[in-house]
Amino acid sequence: MNTLIAIIGLGVLCLLFEIFNLRKAIVPVTIIGLLAVLGLTVSEFNSTESYYNNMITVSKFSTAFSSLFIVLTIFLVGLGHNFYENHQNKISDFIAIKVFLLAGAVAMVSFGNLAMFFLGIEVLSISLYILAASDRLNLKSNEAGMKYFLMGSFASGILLFGICLIYGAMGSFDVIEISELSQSAELPIWFPIGIALLTIGMFFKIAAVPFHFWAPDVYEGSPALTTALMSTLAKVVAMATLYKLLSVMNADISEAFKIVVVVISMTSMTVGNIMALRQVNVKRMLAFSGISHAGFMLMTLLSLSTSAGSLLYYTSAYSLAGIAAFSVILYVCKNRDNEDITNFHGLGKSNPLLAAILTASLLSMAGIPIFAGFFAKLVLFSQTIQDGYIALVIVAVINSIISVGYYFKLILAMYTKEPNEERTGRPFMIYAVAVVAIALNIIIGLFPSLVLDILG
C-alpha cells in the first residue's frame, strides 16, 4: 500500500514541476523517486498484509512483480528524456501518465478485491489509449489510439460482465471469500462463465490469439516509446494479473480449461512467429513476436501452484530484452517516417555498440544461450514436461527455431549491408538504458536463481 501511495504522490509531483516551470528536473527527479519507491517496495518483501477491507493485499507475488514494473518504468522514463526533447512543454504530461500507469499496474497485481482489479486495469488502459494517440499530427498515431480505445473498451466490457457474473454467483467481490466459496461442490453456473469472460478479457490485454488483431496496427502506429511500453510493461502486467486472478479463485481445476490454454498457447506461438517472418517494419515484427511470447507465457497457467517463479523469470528476461531492443530502435529511427529494417542497414559498422546490444536482445528473445531468454524457456519447458504436456513443449521448441528466422533477418541487415546514411549524436540516456537492460538480462541468464528463488 505504501508503494501505491508513493507512486501516486510522485505522479502528482511531476505535474507540480510543470506549474513551477521545472521541466528539466522532471526526468531525473522521477527516476530518483522511482528508485526510492523500489527500495520501499523491496523492504516490504516479507510482509503479508491487507488494507482497506482487503482491497489491497501485499504478498511476495505482488511485491516481486511490482519491483519488476518499477524497474521497467525507470527505463521507460529514462528513454523519455531524449524521445520528448521536442515536446518539452508537454514532458510533464507524458512522464506523469507513465507514473500513473505504473500505479494502475501495481494495483493490478496487489488487488484483494475485484473492484480494485478493475480500477487498476482501467487506469493502465486509459493511460495507454492516451499515449498511443499522443502524436496528434500523425494519422497513424490517431488510428492506433482509436483502434486501441475501441478494442480496449470492448475488452473492458467483457471483463466487467465477468466480474458481475462472479458477484452474482458468489455475492462478493472479495477474492478470499470467492476462493473459499469456490470449494463448494455445487457452484452456480454463473461462476465458470464469469471466470471465462475474465480470462477472455485478459487474453486481449496480452494479445493472445485469437484476440491479437489489434496489436500489429497499434504497435506500428503508436509512438515508438509507447510501443516499447506496450510491448514490455503492459504485456507483463496483464500476464501477471491473469495468473493471479486464476490462482486466487482456484480456476485451475478444470481439465477443459487447461485444454483451451494449450490450444491458445500453441496458436499464439505459431501465428505470431509465422506472421513475424513476413514483416519489414521492425515494430510490427516485434508486435507479432510479442504475440508468440504471450503463447509461451500462457504455459505457466497449466500449473498455477508451482510456476509463479517461472513466470517472474520469463517476464523479466523478455521485458529486459525488449527494453534494450527498443532503446536501439528509438536511436536508429528517430526523425524517420518509418521503422523499416532498411533503417538498420550497416548499424554494425556505424555504431558497433548499439548493434551488439540489439543483437543480444534479439538472441535473448530467440532463446539463445547465454542470455536469460534461453534459461527462461528451459525452465518453462521443464515445468511443462513435468505437468505432462509434451506436445505443447514440442510445438514451443519448433516455434523457437522459427523465430530465429526473423530475428536473424534484422541481425544480418545490421552486419551485412552498407549504411544508408551517417548517424550522428550519442544520446547518453539511450546508451545507459540499453547497456543496463541487456547487462541485467545477461546477469539473470548466468545466475537464474537470483530471480527464480524469489518466489520459490
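The values are calculated or read from the model by the stated rules, or taken from the named source; none is laboratory data. Only a predicted model underlies this, so the values are computations on that prediction, with no experimental measurement involved. Cβ placement follows ideal geometry from the backbone for every residue including glycine, while neighbour counts extend to all protein chains displayed. Ligands, DNA and RNA are excluded from the accessible area calculation, which covers all protein heavy atoms including side chains. Shrake-Rupley method; radii C 1.70, N 1.55, O 1.52, S 1.80 Å.
Here residue 330 meets the list (1) open to solvent by 10 Å² or more (accessible area, probe 1.4 Å); (2) in contact with an Asp or Glu (Cβ under 9 Å, 6 or more places away or on another chain) almost entirely, failing just condition (2). Within the stretch 378-389, the set of residues being open to solvent by less than 10 Å² (accessible area, probe 1.4 Å) and within 30 Å of residue 435 (Cβ to Cβ) comprises just one member, 380. If you go through the stretch 194-234 and keep only what is in a loop (DSSP other than H, G, I, E, B), open to solvent by 10 Å² or more (accessible area, probe 1.4 Å) and either in contact with a His (Cβ under 9 Å, 6 or more places away or on another chain) or within 20 Å of residue 76 (Cα to Cα) (or both), you end up with just 223.
For the stretch 56-81, how many residues meet the condition of being among the charged types (D, E, K, R) and either at pLDDT 95 or above or open to solvent by less than 50 Å² (accessible area, probe 1.4 Å) (or both)? Going through the stretch 56-81 one residue at a time, the tally reaches 0.
Look at residue 155 and say whether it is over 24 Å from residue 112 (Cα atoms) and open to solvent by less than 10 Å² (accessible area, probe 1.4 Å). Against the criterion (over 24 Å from residue 112 (Cα atoms) and open to solvent by less than 10 Å² (accessible area, probe 1.4 Å)), residue 155 does not qualify.
Can you tell me which residue in the stretch 1-16 is nearest to residue 429 (Cα to Cα), limited to those that are modelled with pLDDT under 85 and outside any loop (DSSP other than H, G, I, E, B)? Write out each step before concluding.
Taking the stretch 1-16 as the starting set, the residues that turn out to be modelled with pLDDT under 85 are 1-3.
Next, from what is left, pick out any that are outside any loop (DSSP other than H, G, I, E, B): 2-3.
On the way: 2: 29, 3: 26 Å.
Of everything passing the filter in the stretch 1-16, 3 is nearest to residue 429 (Cα to Cα).
Please determine whether any residue of the stretch 18-40 is more than 19 Å from residue 108 (Cβ to Cβ), part of a loop (DSSP other than H, G, I, E, B), free of Cβ contacts under 8 Å to residues at least 24 places away in the same chain and under 26 Å from the mean Cα position of the chain (by Cα). Please lay out each step first, then the result.
Narrowing the stretch 18-40 to residues more than 19 Å from residue 108 (Cβ to Cβ): 18-33, 35-36, 39.
Okay, now just the ones that are also part of a loop (DSSP other than H, G, I, E, B), so 20-22.
Subset that is free of Cβ contacts under 8 Å to residues at least 24 places away in the same chain: 20-22.
Subset that is under 26 Å from the mean Cα position of the chain (by Cα): none.
Scanning the stretch 18-40 turns up no residue that is more than 19 Å from residue 108 (Cβ to Cβ), part of a loop (DSSP other than H, G, I, E, B), free of Cβ contacts under 8 Å to residues at least 24 places away in the same chain and under 26 Å from the mean Cα position of the chain (by Cα).
Just one of (1) touching a strand residue (DSSP E or B) at 6+ places or on another chain (Cβ under 7 Å); (2) open to solvent by 10 Å² or more (accessible area, probe 1.4 Å) fails for residue 53. It is (1). Considering the stretch 9-33, the residues that are β-branched (Val, Ile, Thr) and surrounded by fewer than 16 Cβ atoms within 10 Å (Cβ to Cβ) include one that is farthest from residue 74 (Cα to Cα), namely 19. Output the residue which, of all residues in the stretch 275-309 that are of a type in the set (Gly, Ala, Ser), surrounded by fewer than 24 Cβ atoms within 10 Å (Cβ to Cβ) and assigned to a helix (DSSP H, G or I), is modelled with the highest pLDDT. That would be 309.
When 242, 233, 229 are checked against the criterion of being touching a helix residue (DSSP H, G or I) at 6+ places or on another chain (Cβ under 6 Å), at pLDDT 90 or above and farther than 30 Å from residue 337 by Cα, a single residue qualifies: 242. Would it be correct to say that residue 64 is part of a helix (DSSP H, G or I), over 23 Å from residue 452 (Cα atoms) and small (Gly, Ala, Ser)? So residue 64 fails the test. All but one of (1) surrounded by fewer than 17 Cβ atoms within 10 Å (Cβ to Cβ); (2) over 28 Å from residue 129 (Cβ atoms) hold for residue 161, so report the exception by its number. Condition not satisfied by residue 161: (2). For the stretch 175-193, a residue qualifies if it is closer than 14 Å to residue 247 by Cα, open to solvent by less than 20 Å² (accessible area, probe 1.4 Å) and either within 26 Å of the chain's Cα centre (by Cα) or not hydroxyl-bearing (Ser, Thr, Tyr) (or both), and the qualifying residues are 175, 178. When residue 84 is tested against (1) farther than 20 Å from residue 122 by Cα; (2) over 24 Å from the mean Cα position of the chain (by Cα); (3) of a type outside the set (Gly, Ala, Ser), only condition (2) is not met. Within the stretch 390-404, the set of residues being more than 21 Å from residue 317 (Cβ to Cβ) and open to solvent by less than 90 Å² (accessible area, probe 1.4 Å) comprises just one member, 391. Of the residues making up the stretch 405-415, one or more are open to solvent by 90 Å² or more (accessible area, probe 1.4 Å) and in contact with a Lys or Arg (Cβ under 9 Å, 6 or more places away or on another chain).
Residues that are free of Cβ contacts under 8 Å to residues at least 60 places away in the same chain and under 19 Å from the mean Cα position of the chain (by Cα) number at least 2 in none of the helices (runs of 4 or more DSSP H) confined to the stretch 366-456. Scan the stretch 34-47 and give yes if some residue there is more than 19 Å from residue 311 (Cβ to Cβ), of a type in the set (Phe, Trp, Tyr) and surrounded by fewer than 22 Cβ atoms within 10 Å (Cβ to Cβ), otherwise no. Checking the stretch 34-47: not a single residue is more than 19 Å from residue 311 (Cβ to Cβ), of a type in the set (Phe, Trp, Tyr) and surrounded by fewer than 22 Cβ atoms within 10 Å (Cβ to Cβ).
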